[in-house]
Amino acid sequence: MQVAPPKTPIAFITGITGQDGSYLAELLLAKGYAVHGLVRRTSKLTRSRIDHLTRDPSIYGRKFFLHYGDLIDGTTLRRIFAKVNPTEVYHLAGQSHVGLSFEIPESTCEEVAMASLRLLEICRDQPYPVRIYLASTAEVFGDAAEVPQTEETKFRPTSPYGCAKAFMTQIARVYRESYGIFVCNGILYNHESPRRGESFVTRKISRTAAAIKLGIEDKLVLGNIQSRRDWGHAKDYVQAMWMMLQHTRADDYIVATGGTHSVQDFVEAAFAVADLPWEKYLVTDRALERRLEPTQLVGNPKKIQQNLGWRPEHSFENLVHEMVEADLQDLASQKARA
Ligand code: NAP
Ligand code: GDD
């Protein structure tokens, strides 16, 4: 038997400590949601991207709550769902590094593919309808069959991570069609911010440019600098996630800018912000190149623009500028404290 959903929207976010989870939590809190997040037990209590929320007594424990759990622990996830009764689930957690997925394919597939299925099964048993967002990716297109890609483009992943996300995206479609579950796949292209993990190329570049400027480091070592990506800003992309779950009909959407830049373009722009000659500091190392790279990942965002009215607010230049400035400030204050 289904019961009426609560009046205040209740969001449950997996991956709340990550780049996207932290921006999404802020967005939903500003919209009046009660926000619950899944966190893993770690040896340190610091969760830098959401510490400002847990330290605020007007928010934490009132409208912002954290629950210990893990994607591979279905019993605990089910218990959290029974306690929280979310109206919207944003499933963002999982191993998110493409290159690393070649080193740890089994755990990547367990976390990305099987855990998503586990969550869909839990949502199927909820006492009232729940809306689900799944964090799919451009990597499902891999060796892309066409350029730019649309929601209809064939999946041809080129990494264990891409394969696992392809499974997740397909199984969600099956659950939507066979059980009538409101589940949306956001097929997101690369999105970055000052909160981006330091092992991803954009943050590695912005952080190192800032470190060189402050005399902390003397070179930037990268793999393939000719690689191109469709880079947007994470704040724009979490807005798209929320928009998908507010629509009357569940569907899959590409979220992208429609344009690309090379890794070298990003280096040039970042070093220009730091006012440094990039050629003097950039070193390439073949050991950092991937076994297999996707070809020409660029998304066509027409469907989300037309159906949901989504428009990104940040430009590439604006993104690079914000990232380098944030790293300059952060490293300068660390240096001053040392
Ligand atoms: P991220 O910064 O790497 O965050 C990943 C989050 O997942 C972290 O909160 C991490 O927790 C959590 N997590 C990982 N394994 C877990 C487990 N076994 N149990 C519970 N939590 C676990 O990733 P992001 O950039 O925010 O991306 C969010 C999602 O979107 C990911 O699924 C990613 O694959 C997908 N995506 C990202 C992009 C992009 O360009 N950013 C594009 C397309 C799709 P800890 O803090 O404890 O490590
Ligand atoms: N990480 C990294 N480090 N990448 C490098 C480096 C380096 O030193 N040097 C060159 N690259 C190149 C990679 O080979 C790749 O072609 C490109 O920079 C981008 O790499 P990442 O920033 O690691 O991102 P990604 O495109 O592999 O994956 C990100 O975007 C996907 C969506 O398209 C991640 O956020 C995934 O989770 C996401 O699904």
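The values are calculated or read from the model by the stated rules, or taken from the named source; none is laboratory data. Keep in mind it's a predicted model, so treat the numbers as computed, not measured. Positions of Cβ are backbone-derived with ideal geometry, glycine not excepted, and every protein chain shown enters the neighbour counts. Surface areas here come from the heavy atoms of the whole protein model, side chains and all, with no ligands, DNA or RNA. Shrake-Rupley method; radii C 1.70, N 1.55, O 1.52, S 1.80 Å.
Worth a mention:
- Distance between segment 4-35 and segment 239-271 - C-alpha centres, whole angstrom: 20 Å
- Mean accessible surface per residue for the chain, computed with a 1.4 Å probe while every protein chain stays in place, in Å²: 46 Å²
- Peptides 104-114, 252-262 ordered by average Cβ neighbours within 10 Å, highest first: 252-262, 104-114
- Here segment 131-264 exposes an accessible surface that is 48 percent carbon and sulfur, computed with a 1.4 Å probe and the other protein chains kept in place.
- Dipole magnitude of the chain, debye to nearest 20 (Cβ charges: Lys/Arg +1, Asp/Glu -1, about Cα centre): 1080 debye
- Electrostatic dipole magnitude of segment 29-113 [Cβ: Lys, Arg +1; Asp, Glu -1; Cα centre; debye, to 20]: 580 debye
- Highest to lowest packing among 37-44, 216-223, 131-138, scored as the average C-beta count within 10 Å: 131-138, 216-223, 37-44
- Helical content alone sets the calculated 222 nm signal of the chain at -12000 deg cm²/dmol, taking -39,500 (n - 2.57) per DSSP H segment of four or more residues and averaging over every residue.
- Sparsely packed loop sites in segment 230-338 (the GluC sites (Glu not before Pro) outside DSSP H, G, I, E and B with at most 15 other Cβ atoms within 10 Å) comprise 289, 313.
- Segment 133-177-segment 88-112 distance, computed between alpha-carbon centres (Å): 14 Å
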